[in-house]
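Heads up: the structure comes next, in structure tokens.
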Amino acid sequence: MKGKNIAVLLLCLSWHTVRADEYSSELAYYQKFPVVLSASRLSQPLSNSPNAMTVIDRKMIVASGFRKIADLFKLVPGMYVSYYKDSQPIVAYHGATDQYARRMQVMIDGRSVYLPPVNTVDWADLPITIDDIERIEIIRGPAAASYGANSMQGVINIITRGAGDVHGGEATFRRGDKGINDVSTRFGRKGDTFEYRATLAYTADNGYDDLSSPPNNIPVTQFKASGLLNNSHDDNQARLFNYRANYHPNGTDSFDIQFGFNRDIQGVGFNDKNPNPSQPFSTNGNTFHDLTARSDFVQLDWTHFLENSSQLDVRYYHLQENQYEALPVYLGGVYFPGPVIQSLDTGRDQVQIQHTLPTSATNRLVYGAVLQRDHSSGFSSMPPIALFYNSSFNTDDYQVFANDEWHINRQFLLNAGGMFERDPFGNENLSPRASLNFHMTPQQTLRAGVSVAYRVPSLVEIYFPTVQPGALIIPGSTPTSPGLIPEKVVSREIGYLGEFLDYETTVDLRLFSDQLSNMIYLNKTVGKLVNGLSAQSRGLEATVKKSWGKDSSLTFNFSHELTSSNIPMLLGTADIWADSIPRNSASAMFSQNLNNGLSFSASYYYQAAMQPFDRGAIDYQPIQRRMDVRIAQSFHDFGGIRGDVALVVQNLFNRGNSEYIASNVFNRRSYIRVTANW
Amino acid sequence: MPFLFPQRVWSRLLQVFAGLLWALLLAPSQSLAADLDVLLILSGNAPPYQEFAAAFRLNLPADIHVSQLEIGQLENMDTLSRLEQKAGLVVTVGLKAGEWVAPRTNRPILLTMLPSYKYAGIKAQHHSDEPFSAIFVDQPWFRQVSLIRVALPGFKRIGLLHAPEDNLDIAQLRALLEHEGATLIAKAADPATSLYASLNGVLSQSDALLAVPDSAIYNGDNIRNILLSSYRQRVPLIGLSQAYVNAGALCAVYSTPQDLAVQASADTVGFARNRQLPEAQFPRLYNVAVNREVAIMLGIRIHSATRLKLQIEQAER
């Protein structure tokens, strides 16, 4: 605090000093400045990026009307977003549309939230709300050279609002169908060397509807035969807090401090397998119950600008999550109030150091190292079968990475780099990447690239429990599938980026060909997970953005994908990998600012029919078509308060789209959102 | 009357001789009309003044002689009066030189590199009928508005943060913007609170922020926060120089000291010919700069600097 006061005093002094010297006026035109928005601080322009990238910015987030972070990825060409439970989204890219989609790295401000032991993201327990997000950068394709381990099929990098982005107070209230009831308050202060923001939020909803009849014209008998009809217990409640502060005592150092937590309670389990007159002796090891989760994190970032405009970034973060469930079970028709108790603790400490160094006017080198320790421990107590087991793992992961960006001349840009990793299981993997960008004109760029990346097997894949009740998977203590090696992808792509200024239009096209190998699958004959699944996918992705002045814009995304795998050979079944990927998907979003603070946006989402990878035929997902609209009115001075009121209607035409689980039918829902700022 | 006749003849001859003598005496000064002594007075030794001086000398013909001084060397009046007696034209560079010299000489003066709003005040202190004119350092508002129109069509709310006691002609800027269908959000920074509170107030209501020549606000210490705030809020900064654009401003229309010197030397050559100076004027030579990386990251589609300059020139024709 003392430092801040001195800084304020100094500013006042300098203010008057400069005022006194009125002769400085013409020198104001000729003064020298440090380069603030340098290439190393700015994200790389898309036309210089070695990967295909989709950016979802704040404007799009607002216009989308979404209240769940995962839904935003519907705006990424080729991405699959669906729900196992209303609070358990599945986000997958180019396949692996399964409950434990795990082939994409997910980060918040560079902090990986892709966690052991299953190597997935607990979207319901993230310590941020959708309104804390400034923008999301989605790398489509492997990018280990820039984003580290497990960036196998892509990277989601969520960038939250900076410490100085909230000035004053903000309160948001959202209320609508399906028990939607969200309240959040945000507060921030911006000083000359110190700024902070904080969010305190509560979000709640009742999840999907309790179905009264089966969806998709499936007969009741068939639905019952599959043992699944209702998904009525998927309420979700989260209480979260996050804080971000930035201290920049001078022009060369910046310290960012973040911490936060989330306390989440979600309804899980299914009651359809409970004993009843038609199935008196059935077993249900996952009855209705609550899963409580607590996640906490702290992150420190130091950015130091050195001479010769090089930049040093040092990051440390710690995160931890505890998940707990206690549930009664039915065994052969007998009720055991139990309860079965499972608890899982996971955590991570990571230190990263990165140096961004312009070695010449045309060359920039980024290199660094990562040390990471993951912790995973848990127990499963199953009194009905007198079984108790626990396990504990501490694993270390070391990575070094480098990427060189060489502007060969005005037209050609070469990005070459790679990441070397020694993973927790002692595998050593090298993930190289190279891409050549050809600027045909300043507005037209062709890109050709090839990259390799790996996914380290998860603890659960190696230590799968012999009995798995409830919703959590607690790794066993002895390996069930030893000797698994990392999955590998080799991705080739040709991209085109065109900017047509006179038409206010940009076009982003990508042709890709991915070879996935060593993928892990369940070999039923040996009864364990093994490497050996291979798949190829080729396709086209397109994004076209058009604007009419500043107040009107249209974004259109399209993806066409053809894939095949060796599953027919491995399992003797149809190619369920190929069937699990929608051949075509598209999204479009139009937004318009009207006069007097009125704004309107409409979004349309299309997804071809598909069969989720790890579900039965009952969960076949027919063609999805969905239209969302948002209309908002802002006010600037309502008793000294500014803000807006918005109405969002999702699935306006009530298409009855069923999700990853057929009983998750997304019916029309609407909500009102009121925001006040002061 | 033969005596008288020759007398009249002699008288005529004498008149002719006298006329010839006058003609001979005056002729050199007529034929060497371009020969001029210029007294160049700089406001200091800062690089912009030095760059001006070098370019000014370089663009003058050999028969215009330049004596150069810095204002610090003119602390005693004797130096000035000795030098000004010889000078056909005094050219000042920068506000300080102009304000110091104008009331102290009655020689013809060309003030350069001074803010336009200071001109009337200086002229009022100058008591002489000799030619008096100026070349301003700032760009005219209509040129700034042209840049906004061609570079950022659709950006309708232009923010401006200025010091409380600034003499900027904000009314004229407002009128020009309104003519283009845009509005000006002008706020005076409140020195009692944080500069960033004021800045934030402007940024939150603006589509673009127009920098003003006030080093109390726009200086090397503050520029980081200003640019980061503008970048975060997706509000581009329109700067005042290439340095602003290098630092992270989206674009700028500006004149370098060399541009001003070229214009001043042309006016000086003209003065040497006809002893007249043009009206006080804004820079005739100017440049446009664009930071493409910033444009891309802000998601702004912007034409090249060359094309923007052509469009501004067309508008000014």
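For the pair A:Thr466 and A:Ala386, how long in nm is the line joining their label points, each one 7 Å along Cα→Cβ?
Label-label distance for A:Thr466 and A:Ala386, simple model: 1.4 nm.
Using 0.36 nm per residue of separation minus the Cα-Cα distance, give me the extension gain between B:Ser81 and B:Leu285 in nm, one decimal.
Result: 70.1 nm gained on full extension.
Hey, got the average number of other protein chain Cβ atoms within 10 angstrom for residues in B:43-55?
Mean shielding by partner chains, rounded to a whole number: 2.
In the range A:385-428, with Lys and Arg counted as +1 and Asp and Glu as -1 at Cβ, which of these residues, A:Gly418, A:Phe388, A:Trp406, has the Cα nearest the positive end of the dipole, that is, farthest along it?
Projecting each Cα onto the dipole axis, the largest value belongs to A:Trp406.
In peptide B:92-100, what is the residue-averaged number of other protein chain Cβ atoms found within 10 Å of each Cβ?
Going residue by residue through B:92-100 and averaging, the value is 3.
To the nearest 100 Å², how much accessible surface do chains A and B hide from each other in total, with a 1.4 Å probe?
5200
Check B:Asp37: other-chain or 5+ apart residues with amide H under 5 Å from its amide H, H built from backbone geometry?
Here B:His65, B:Gly88, B:Leu89 satisfy the definition.
Please compare each pair in A:Lys74/A:Lys488; A:Lys32/A:Lys550; A:Lys178/A:Lys545 to a cut-off of 28 Å on the Cα-Cα distance and tell me which ones are over it.
Among A:Lys74/A:Lys488; A:Lys32/A:Lys550; A:Lys178/A:Lys545, the Cα-Cα distance tops 28 Å for A:Lys32/A:Lys550; A:Lys178/A:Lys545.
Within the protein assembly as shown, what percent of beta bridges assigned by DSSP are antiparallel, to the nearest 5?
Here the share of antiparallel DSSP bridges comes out near 90 percent.
Per residue of A:162-172, how many C-beta atoms from partner chains lie within 10 Å of its own C-beta, taken as a mean?
Counting other chains' Cβ atoms within 10 Å and averaging over A:162-172 gives 3.
Please report, in debye to the nearest 20, how large the charge dipole of the range A:2-677 is about its Cα centre when each Lys and Arg carries +1 at its beta carbon and each Asp and Glu carries -1 there.
720
With a 10 Å radius around each residue's Cβ, average the other Cβ atoms per peptide and rank A:156-163, A:348-355, highest first.
A:156-163, A:348-355
On full extension of the chain, what length is gained from A:Arg410 through A:Glu134, given 0.36 nm per residue of separation minus the C-alpha to C-alpha distance?
96.2 nm
Quick one: which residues, 5 or more positions from B:Arg157 or on another chain, have an amide H under 5 Å from its amide H? H modelled 1.01 Å from N in the peptide plane, none for Pro or chain starts.
B:Thr183, B:Asp207, B:Ala208
Rounded to the nearest 10 degrees, what's the angle between the helix B:77-86 long axis and the longest principal axis of chain B, both from Cα atoms, 0 to 90?
60
Restricting to DSSP H runs of at least four residues, report the calculated mean residue ellipticity at 222 nm for the protein assembly as shown, -39500 (n - 2.57) per run over all residues, nearest 500 deg cm²/dmol.
-5500 deg cm²/dmol
So if we plug the beta-carbon distance of B:Val269 and B:Arg292 into 1/(1 + (r/R0)^6) with R0 = 45 Å, what FRET efficiency do we get, rounded to 0.05?
Efficiency, rounded to the nearest 0.05: 0.70.
Taking 8 Å as the Cα distance limit and 6 or more residues as the minimum spacing, I'd like the relative contact order of the range A:230-340 as a percentage.
Relative contact order for the range A:230-340 comes out at 25 percent.
Which value in nm describes the separation of the simple spin-label points at A:Arg175 and A:Asn276, placed 7 Å from the Cα toward the beta carbon?
In this crude spin-label approximation the distance works out to 3.5 nm.
Highest mean first, how do B:250-256, A:70-76 rank when packing is the count of other Cβ atoms within 10 Å averaged over residues?
B:250-256, A:70-76
In the neighborhood of B:Leu310, defined by Cβ-to-Cβ distances under 14 Å, what is the net charge if each Lys or Arg adds +1 and each Asp or Glu adds -1?
+3
Would you mind telling me the share, in percent, of accessible area of the protein assembly as shown contributed by carbon and sulfur at probe 1.4 angstrom?
Looking at the protein assembly as shown in its full context, I get 58 percent from C and S.
Restricting to Cα pairs below 8 Å that are 6+ residues apart, what does the relative contact order work out to for chain A? Please round to a whole percent.
Relative contact order here is 12 percent.
Using a ≥ b ≥ c from the Cα gyration tensor of the range B:132-261 (square roots of the eigenvalues), is it rounded, prolate or oblate, where a/c under 1.5 gives rounded and otherwise the larger of a/b and b/c decides, a/b for prolate?
Note, shape of the range B:132-261 comes out rounded.
From the protein chains alone at 1.4 Å, what is the descending order of accessible area for A:Trp548, A:Trp302, largest first?
Largest to smallest exposure gives the sequence A:Trp548, A:Trp302.
In terms of the Cα gyration tensor, with a ≥ b ≥ c the square roots of its eigenvalues, is the protein assembly as shown rounded because a/c is under 1.5, prolate because a/b exceeds b/c, or oblate?
Prolate shape, in that a/c is at least 1.5 and a/b is the bigger ratio.
Using only Cα atoms, tell me the angle between helix A:2-20 and the longest principal axis of chain A; keep it within 0 to 90° and round to the nearest 10.
30
Residue farthest toward the positive end of the dipole of chain A, with Cβ of Lys/Arg at +1 and Asp/Glu at -1: which of A:Ala245, A:Pro127, A:Leu365?
Of A:Ala245, A:Pro127, A:Leu365, it is A:Pro127.
Relative contact order for chain B: what percent, with Cα pairs under 8 Å and sequence separation of 6 or more?
Averaging sequence separation for qualifying contacts and normalising by length gives 17 percent for chain B.
For A:Tyr620 paired with A:Ala574, estimate the spin-label separation in nm (one decimal), with each label point 7 Å from Cα along the Cα-to-Cβ line.
0.7
Give me the number: length gained by fully extending A:Leu511 to A:His636, i.e. 0.36 nm times residue separation minus the C-alpha to C-alpha distance, one decimal in nm.
In short, 40.4 nm is gained.
Take each of the peptides B:207-219, A:484-496, average the number of other beta-carbon atoms within 10 Å over its residues, and list them starting from the highest.
B:207-219, A:484-496
Please find the FRET efficiency linking A:Asp345 to A:Gln444, where r is the Cβ-Cβ separation and R0 is fixed at 41 Å, and quote it to the nearest 0.05.
So the FRET efficiency works out to roughly 0.20.
Can you give the angle from 0 to 90° between the axis of helix B:141-151 and the longest principal axis of chain B, with both taken from C-alpha atoms, to the nearest 10?
Once rounded, one gets 50 degrees.
Expressed as a whole number of Å, what is the distance separating the alpha-carbon centroids of the range A:596-633 and the range B:39-55?
Value for the Cα centre distance between the two parts: 66 Å.
The values are calculated or read from the model by the stated rules, or taken from the named source; none is laboratory data. Bear in mind that the values here come from a model prediction, so they are computed numbers and not experimental data. When we count neighbours, we look across all protein chains shown, and the Cβ atoms used for this are built from the backbone with ideal geometry, even at glycine. Keep in mind that these areas ignore ligands, DNA and RNA; they rest on the heavy atoms of the full protein, side chains included. Shrake-Rupley method; radii C 1.70, N 1.55, O 1.52, S 1.80 Å.
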